[in-house]
Amino acid sequence: MAKSKGPKKLIPVSKVPTAPQYQKRIQEQKVRVTKAKATATKEGKFDKYTPQYRKSLKCLKRIQRRLGKDRVRFHAMVTAADAAQALKPAVVAPVASPTPETPAV
């Protein structure tokens, strides 16, 4: 029997370099979804199978999925950078070496 995979390691959205672009697109798409939902509602009954609503919802989910993938991808990059930083020896200021004195002739 195969082992189950644990939850994916994610970094906060604030640390993802591409997050502002995705968040802007997500907000715009949420507005479109609410408009499509309003048009899909007739006589107080909401029809979730309306093509316009389904298309806008799928687009929203696609953008959110891309943001999630970037969170996983950049987690690996951030972790590798942190590990490299930890392995790097501390920078020590060079000690002034004593100058050899020249004997007076």
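The values are calculated or read from the model by the stated rules, or taken from the named source; none is laboratory data. Quick caveat, the model's predicted, so the values are computed rather than measured. Here the Cβ is made from the backbone with ideal geometry for all residues, glycine too, and neighbour counts use every protein chain on show.
Pairing each residue of the range 15-34 that is over 22 Å from THR79 (Cβ atoms) with any residue that is surrounded by 13 or more Cβ atoms within 10 Å (Cβ to Cβ) and of a type in the set (Ser, Thr, Tyr), provided the two are 6+ apart or on different chains, yields C-beta distances under 6 Å for ARG32/SER56; VAL33/SER56. Of the residues GLY6, GLY44, which single one is exposed (fewer than 13 other Cβ atoms within 10 Å of the Cβ), over 29 Å from the mean Cα position of the chain (by Cα) and not aromatic (Phe, Trp, Tyr)? Every option except GLY44 fails the conditions. Filtering ALA38, ALA84 for residues that are in a helix (DSSP H, G or I) and either surrounded by 14 or more Cβ atoms within 10 Å (Cβ to Cβ) or at pLDDT 90 or above (or both) leaves a single hit, ALA38. Residues that are loosely packed, with under 15 Cβ neighbours inside 10 Å and closer than 26 Å to GLN29 by Cα within the range 69-79 comprise LYS69, VAL72, ARG73, listed in sequence order.
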